[in-house]
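Visitor: Dropping a structure here in structure tokens format, bear with me for questions.
The values are calculated or read from the model by the stated rules, or taken from the named source; none is laboratory data. These numbers were taken from a predicted model, which means no experiment stands behind them. Here the Cβ positions follow ideal geometry from the backbone for every residue, glycine too, while neighbour counts run over all protein chains shown. Heads up: the accessible areas ignore ligands, DNA and RNA and are worked out on the full protein's heavy atoms, side chains in. Shrake-Rupley method; radii C 1.70, N 1.55, O 1.52, S 1.80 Å.
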Amino acid sequence: MSEDSIKLERTLSLRAVVLFGLAYMTPLIVLGTFGVVASTTNGSVPTAYIITTIAMLFTAYSYGIMSRAFPVSGSAYTYVRKTIDSRVGFMVGWGVLLDYFFLPMVIWLIGAAYLHARFPDVPSWVFLLGFIGITTVLNVYGIKLAAKVNSLLMAFQVLVIVFFVVLSLRHVFAEGGTDALFSLAPFINADSSFTTIAAGAAVAAYSFLGFDAVTTLTEETINPRRNIPRAIILTALIGGGIYVLVGYTTQLVHPGAVFNDADSAAFEIAKTIGADLFGAIFLAGMVLAQFTSGIAAQASASRLLFAMGRDSVLPRKLFGALHPRFHTPVFSIVLTGLIGVVALFLDVLSAASFINFGAFIAFTMVNVSVIVMYFRDARMRGEYNALKGIVVPAIGAVVNLWLMTKLDIHAVVLGLVWLAIGLVHLAYLTRFFSRQPPEVDFSEDDAETNTHAAEPV
């Protein structure tokens, strides 16, 4: 078979790639975390999303540059490894691994919180363990449910969001007339401050995880050098626009930051604007989104661990083995499920902060990679001026580091401990940094399993 005959066909337009990126981000998550962001900002959700969107646009620009230079899988891990140093790339990959460990946990935690809000007599831990058990069993059997229903889920999410916004505006109009639809209170109020809004922006970054996932479609995109960078920026921009709009209209309905339960605040608001019927529809959409996302997130985490085990980055006998019957990395799947049990002792804010620590590490280092490549690669200096090659990525790196300082202190401590463990492991793998670390091979077979909106390592 010739080489040309096994190449992927370039059929995806810019529009198709952007829709993929938006689906990867799971737009309904803005409502899933609304109460948490509102509580953190003291009622200024849209402002937090404006700040985060700006930060993501700087980073998206850097991702676009790197995706043109290195049109391969691996994202931040690959970019840093190829432009800075393989050991630094390993540490970035190790930092993002924290995302993969905690991402399924946050998804299951949000889903359990909303089900508990609807059925308060049932303990939240029952729903949490139910999510973990079902998704773990499905992933062990290798069922690719998330991939099959992705388009349908995206359409349902969009409908739920549209109805939520329309019903919110109708409710506000009925309560206060036309003037009530235009207010600065959701952006800034007496209780909010720059500090609280910045802290909320750091949490809001969770909603953007996966905007760079479109880079995995490079080989199937028409004119990828032009369309992939544009798709990354458009995905971040459109996603941010949706988040700001939904945050604004929802904050109009429920000013301030006082909820019966911040983890499931949007369900409370859904019943306010659409009574029990829309509350039930919203709950169904939220649970469906969390369930399918949980399947995909656990699958992605287990495949990453398998790839690391196969390449001896992690113990090969445990992580690099497949089940003889199901041909799935059972050990990694079960381990991810067990880590999810930690959610019994956490809330959504703490768990999401853990994930964002790893994401900010990756985002920062992608920006730094652009700067390093600008100084090392004469061809890049010929293609980009200093503004594009130095100033823009520098701003992106600084903003991401600034947002990282606004995370929950426990998340920062855990993240630093995790990086320390990674540094010790790297020292072991490289015989105290005297040789190159093993490289994780993100082959096409592995890439096909990465179906969730997580920041790829």
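Visitor: For the pair ASN385 and ALA420, how long in nm is the line joining their label points, each one 7 Å along Cα→Cβ?
Guide: For the pair ASN385/ALA420, the computed spacing is 4.6 nm.
Visitor: Going by accessible area, probe 1.4 Å, with all protein chains left in place, what is the ranking of PHE182, PHE34, PHE173, largest first?
Guide: In descending accessible area the options line up as PHE182, PHE173, PHE34.
Visitor: Let me check something: with ligands and nucleic acids excluded, how do LEU277, LEU322 order by accessible area (1.4 Å probe), largest to smallest?
Guide: Putting LEU277, LEU322 in descending order of accessible area: LEU277, LEU322.
Visitor: Now for a separate question. What is the Cα convex hull volume of region 390-441 when expressed per residue in Å³?
Guide: Once divided by residue count, the hull of region 390-441 is 127 Å³.
Visitor: Along region 321-328, what does the Karplus equation 6.51 cos²θ - 1.76 cosθ + 1.60 (θ = phi - 60°) give for ³J(HN,Hα), rounded to whole Hz, x for Gly and Pro?
Guide: Result, rounded to whole Hz: 9, 10, 5, x, 9, 8, 6, 10.
Visitor: Report, to the nearest whole %, how much of the accessible area of region 15-75 belongs to carbon and sulfur atoms, 1.4 Å probe, protein only.
Guide: Summing carbon and sulfur atoms, their accessible area is 70 percent of the total for region 15-75.
Visitor: Next question. Counting Lys and Arg as +1 and Asp and Glu as -1, each charge on the Cβ, what is the dipole of the chain about the Cα centre in debye, to the nearest 20?
Guide: Magnitude of the dipole: close to 1040 debye.
Visitor: Mind checking the log10 I(q)/I(0) for region 189-323 at q = 0.12, 0.20 Å⁻¹? Debye, one equal scatterer per Cα, no solvent, two decimals.
Guide: -0.78, -1.25
Visitor: ARG87 accessible area, nearest 10 Å², 1.4 Å probe?
Guide: 60
Visitor: Suppose we flag GluC sites (Glu not before Pro) only when DSSP calls them loop and at most 15 other Cβ atoms lie within 10 Å. Which is the longest uninterrupted stretch of the chain?
Guide: After excluding every exposed loop site, the longest remaining stretch is 10-447.
Visitor: Just order 55-63, 346-354, 103-111, 131-139 by mean Cβ neighbour count inside 10 Å, highest at the front, would you?
Guide: Highest-to-lowest ranking by the protection proxy: 103-111, 55-63, 346-354, 131-139.
Visitor: Within the chain, which complete DSSP H helices have Cα atoms spanning at least 27 Å along the helix axis and a mean Kyte-Doolittle hydropathy of 0.0 or higher?
Guide: TM-like helix candidates: 45-69, 86-118, 145-176, 224-253, 265-310, 348-376, 409-429.
Visitor: Moving on. Enter the Cα centre distance for the pair region 197-267 and region 52-122, rounded to the nearest angstrom.
Guide: So the two Cα centres are separated by 13 Å.
Visitor: Could you compute the FRET efficiency for LEU344 and LEU181, with r as their C-beta to C-beta distance and R0 at 35 Å, rounded to 0.05?
Guide: Calculated value: 0.25.
Visitor: Further question: At a 10 angstrom cut-off on C-beta neighbours, averaged per residue, how do the peptides 363-373, 427-437, 280-290 rank from highest to lowest?
Guide: 363-373, 280-290, 427-437
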